[in-house]
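*Asks:* The structure that follows is given in the form of structure tokens.
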Amino acid sequence: YPYAFGLLFGKGLYAMYMSGQPDFAGRYKMLLNNTAKMNAADAAETMGIDIRSNEFWGASLSIISDEIERFMKLTDSHKS
């Protein structure tokens, strides 16, 4: 569970970064600092993330889906 949560949380953060969130780097540093002080939901809220919402996790899964599609295209091009 912790590894799956961490992977999906990281992918969701990447999706936020790619969408051009203002002051992402500063807020990300605050998030990292807060992870030692707060539970996951409260720390995520410092980035404006509600880990109980489907929207954030959907963005995470979309990143993974895109990576799978890219992998499939690369492997298809190497088939004999």
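The values are calculated or read from the model by the stated rules, or taken from the named source; none is laboratory data. Keep in mind that what you see is a predicted model, and the values were worked out from it rather than measured. Cβ: placed from backbone, ideal geometry, glycine included. Neighbour counts: every protein chain shown. Side chains are part of the model used for accessible areas, which takes the heavy atoms of the whole protein and leaves out ligands, DNA and RNA. Shrake-Rupley method; radii C 1.70, N 1.55, O 1.52, S 1.80 Å.
*Asks:* Scan region 13-24 and give yes if some residue there is at negative phi, in contact (Cβ under 8 Å) with a residue 40 or more places away in the chain, hydrophobic (A, V, I, L, M, F, W, C) and surrounded by 10 or more Cβ atoms within 10 Å (Cβ to Cβ), otherwise no.
*Replies:* Within region 13-24, one or more residues are at negative phi, in contact (Cβ under 8 Å) with a residue 40 or more places away in the chain, hydrophobic (A, V, I, L, M, F, W, C) and surrounded by 10 or more Cβ atoms within 10 Å (Cβ to Cβ).
*Asks:* May I pose another question? Of everything in region 30-80, what is open to solvent by 70 Å² or more (accessible area, probe 1.4 Å) and aliphatic (A, V, I, L, M)? Give them in sequence order.
*Replies:* Met30, Leu32, Ala36, Met38, Leu61, Ile68, Met72, Leu74
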